[in-house]
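Here is the structure we will look at, set down as structure tokens.
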Amino acid sequence: MSIKKILLGSGAAVALVAASAVAAIEFPDEAVTLISGVAPNWLTPLLPPPLPKAKPVKAAYWLDQNWRLDDRRWFHHAGQGTATFPIPYAWFVALEQPYLSLFRQPGLLRDPDYLQRFGFIPSPKTDASATDLRAAGFGWSSAPQPPEIKPSTSLAWEPAPNDDALPVGFARLAGAKDPISGAAQPDGVGLTCAACHTGHVEYQGVTLRIDGAGAVIDLDKLQSILVQSLLYARYAPGRFDRFATRVLGEGAGDADKTALKQKLEATIADIVAVAMKTGQITHDAGQKATGDGPGRLDALNRIGNQVFFTDLSRPNHPAPNGNFHATDAPVSFPHIWTAPWFLWAQYDSSIEHPLIRNVGEAMGVAAQLNLTGADGLYRSTVKVANVLWVEDLLRGPDPFGAAERPSFGGLAAPQWPQSLFPDDAAWKIDPQKVSRGRRLYAELCSGCHLGPIGDAEFDQAYPDKRFWTSKNWIPVRGGAEQILAPPQIPYQTVGTDEGRALVLKTREVDTPRPLDIAPQRDISERWSCGVDLSGAVSPSGRMPFSLALMATVDNVIRKWMDDNQIAPAVRAAAFGPLKNCPNTGADQPYYRTRPLNGIWATAPYLHNGSVPSLYWLLRPAAERPRKFCIGGGDFDPKTVGFATPEGGSKACTVGETLFEAVDRGGQPIAGNGIGGHSFENGEAKPGAGVIGRALTDAERFDLIEYLKTL
């Protein structure tokens with residue numbers, strides 16, 4: 001080959017590489033999508049994960065759900081005392097998006113349009129005008145404002161400002177002291193209840209925003225991009241000076257900038273070190289994490305890792321490696337309307353006490369916690385008063401109160417919004433289908449999910465199946481109040497993925513002696529559980545994760561009450577009539593059923609989000625798609641969920657996440673099982689996951705039509 005040809009070939013290769021680099025810089029989402037799965041590839045780690053394209057919004061509506069405007073906006077940013085992101089608030093609002101560009105300056109990480117691509121819902125500033133509120137979907141309805149919900153205690157809630165227009169679910173942790181040292185610390189930024197329990201439905205440019213629905217956020221991608229933003233802020237040309245100016249101000253001196261740079265480098269080093277260590281731990285243990293994706297999170301294992309690994313570690317005294325577990329049991333964020341009236345919470349019916357449930361959740365999303373054994377053991381940044389107020393807003397007054405007909409008065413399930421689409425036949429309810437579907441519901445659904453909450457025709461036709469007179473309502477507070485105990489079904493019987501059910505049954509943690517956790521004393525005796533837990537702890541302090549968490553959360557709450565000198569009567573009101581006892585039924589572990597009010601707004605289905613629509617949920621389990629796309633698709637009002645063709649998903653668009661039940665080798669992916677809750681030929685077989693007879697397509701759509709009305 002001649003020198004000329006070699007040079008021409010080399011020039012073409014260089015041009016191709018250069019063009020590829022420019023394309024990767026200017027179109028990173030497409031570049032990552034194209035080169036994914038190609039290994040080794042030096043470019044992939046330098047590019048942020050692909051995100052769904054931002055969709056133009058023609059109109060937005062917050063659906064009426066029995067909350068006042070002030071209540072729902074407070075809920076959207078009510079801090080739990082969390083510092084979910086391991087950087088100061090001032091850094092978070094100053095970071096730029098981790099993209100390189102030859103032609104333009106990158107936007108800020110906190111840009112609402114950018115965070116919307118992770119599934120977060122934009123939220124106006126605290127002092128937004130009526131016009132801005134209307135554009136964000138508030139104030140369009142002419143429905144009268146519901147009555148104010150009264151608190152269960154005299155504890156005052158804290159204001160929930162949103163001065164920087166962060167999305168729903170973000171809160172500023174201001175003025176918190178380090179619970180270990182007591183030292184003042186910079187304001188932090190954390191997620192709230194609303195981050196995971198506020199959903200939205202997209203349809204042809206219209207977005208329906210729903211309080212209490214499962215979120216469709218992709219927290220893994222946001223955390224990944226946050227780390228890349230930190231790296232870019234430190235090492236990308238020109239980035240640090242812009243970052244320092246935003247954090248320190250225009251007049252900052254060299255010494256302050258140097259100190260900031262050192263803190264930035266130390267933060268990056270800490271994050272990388274933790275990631276490397278936990279990756280090695282799970283590798284050595286033969287564990288493999290399952291990707292969460294939009295709308296899912298392995299919440300329980302994450303709580304365990306945060307509390308008994310991260311919070312338990314301190315300099316020169318790391319937590320035991322065995323306390324960390326791969327996140328391999330992801331679940332959909334559950335919808336939370338009606339939930340405060342359930343005796344047993346969580347998908348696996350594992351927690352009875354609402355305050356234990358909610359403070360445990362705050363600890364899991366990184367409320368700061370003192371587990372060192374030094375002075376101030378169990379002190380935390382958890383905002384217990386706010387947690388109680390959130391529960392009050394969700395719960396509302398006693399449904400059996402003064403009203404002629406019982407009804408829930410807290411957060412209501414969203415109603416099928418056909419009035420918002422008056423010219424679209426896909427949203428119109430067919431009364432004849434509803435009538436036929438009502439009969440199918442009575443036959444196939446009411447045994448586990450109970451009767452519908454507000455259907456007078458059903459109650460008249462099936463008086464023995466009425467929701468409000470169900471035997472599942474049990475008395476509390478000496479009979480002055482009732483609470484719902486939904487049916488609990490052994491996971492083998494319902495047949496859905498077992499991963500979530502087994503977390504609390506099989507996981508154990510080591511608890512150092514300074515924590516002084518004794519389940520028999522701290523749980524059984526303190527709460528009068530009437531169960532012997534004396535043999536649950538090994539001599540080394542190893543015990544079931546469930547018991548360790550129950551005792552730890554309880555101690556955190558009591559420490560907060562001691563520090564704040566909460567009066568005995570207020571403590572009693574805060575704890576209420578329920579107990580912090582283990583669920584000890586003989587057939588456990590269970591999955592708990594629930595009423596199906598608002599079920600239309602909660603796709604994808606089953607506890608692990610493994611079925612894309614109600615239509616596929618009513619098909620035999622063996623026929624369900626083994627893969628489908630999530631994170632970017634429009635809602636399908638016919639099948640109620642995400643439209644997925646026979647045989648599986650169409651190709652995902654850029655930035656969407658592919659849910660898969662099996663890997664490329666055909667092996668099941670932990671936590672992603674699509675079986676169970678199946679309607680098939682033949683009689684239901686206990687333990688086989690078959691719960692009802694096979695349906696025709698006409699019957700499926702009749703039942704779906706009825707479910708839309710609940």
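In segment 265-396, the C-alpha radius of gyration followed by the widest Cα-Cα span (Dmax) gives 16.5, 48 angstrom.
In terms of Cα atoms, the Rg and Dmax of segment 286-334 work out to 12.2, 39 Å. Normalised by 2.2 N^0.38 Å, where N counts its residues, the alpha-carbon radius of gyration of segment 594-695 equals 1.08. Using the Karplus relation 6.51 cos²θ - 1.76 cosθ + 1.60 with θ = phi - 60°, the per-residue 3J(HN,Hα) values for segment 203-210 come to 8, 6, x, 9, 10, 9, 9, 9 Hz, with x marking Gly and Pro.
Judged by the mean number of other Cβ atoms found within 10 Å, the most tightly packed of the peptides 269-282, 411-424 leads the ranking 411-424, 269-282.
Efficiency by 1/(1 + (r/R0)^6): what FRET value for SER224 and ALA255, r their Cβ-Cβ distance, R0 = 45 Å, to the nearest 0.05? After rounding, the FRET efficiency stands at 0.85. Diffusion coefficient (Stokes-Einstein, Kirkwood radius over C-alpha pairs, 25 °C, 0.890 mPa s) for segment 547-625: 145 µm²/s, rounded to a whole number. For the chain, the share of alpha carbon pairs falling in successive 20 Å distance bins from zero is 16, 51, 29, 4, 0 percent. Seen from every direction in turn and averaged, the convex hull around the alpha carbons of segment 123-232 projects onto 11.2 nm². Helix content alone sets the calculated 222 nm mean residue ellipticity of the chain: runs of n ≥ 4 DSSP H residues at -39500 (n - 2.57) each, divided across all residues, give -9500 deg cm²/dmol. For the chain, CYS193, CYS196, CYS445, CYS448 have no disulfide-compatible partner, since no other Cys C-beta lies under 4.7 Å from theirs.
Around the amide H of ARG542, modelled in the peptide plane, lie the amide H atoms of THR511, all under 5 Å away and 5 or more residues distant in sequence or on another chain.
Extension gain, GLU457-VAL654: 0.36 nm per intervening residue step, less the Cα-Cα distance, totals 66.3 nm. Calculated on the alpha-carbon coordinates, the convex hull of segment 373-429 measures out at 180 cubic angstrom per residue.
Among 542-549, 224-231, sorting by the average number of other beta carbon atoms lying within 10 angstrom of each residue, highest first, gives 542-549, 224-231. Gyration tensor analysis over the Cα atoms of segment 38-156 returns equivalent ellipsoid semi-axes of 36, 20, 14 Å (largest first, whole Å).
For segment 232-271, the solvent-accessible area works out to 58 Å² per residue, with a probe of 1.4 Å and every protein chain left in place.
Once neighbouring chains are kept in place and the probe is 1.4 Å, which whole percent of the accessible area of segment 555-710 is contributed by carbon and sulfur? Carbon and sulfur atoms account for 52 percent of the accessible area of segment 555-710. A full extension of the chain between ARG439 and ASP132 corresponds to an added length of 106.0 nm, given 0.36 nm per residue minus the alpha carbon distance. Our compactness index for segment 364-518, the C-alpha radius of gyration over the empirical 2.2 N^0.38 Å, is 1.50. You can think of it this way: the chain between ASN681 and TYR235 has 154.4 nm of extra reach, that is 0.36 nm per residue less the Cα-Cα gap.
The values are calculated or read from the model by the stated rules, or taken from the named source; none is laboratory data. Just so it is clear, the model here is predicted, and its values are computed rather than measured. Don't worry about glycine lacking a Cβ; one is built from the backbone with ideal geometry, like all the others, and counts go over all protein chains shown. Remember, those area values only see protein heavy atoms, side chains included, never the ligands or the DNA or RNA. Shrake-Rupley method; radii C 1.70, N 1.55, O 1.52, S 1.80 Å.
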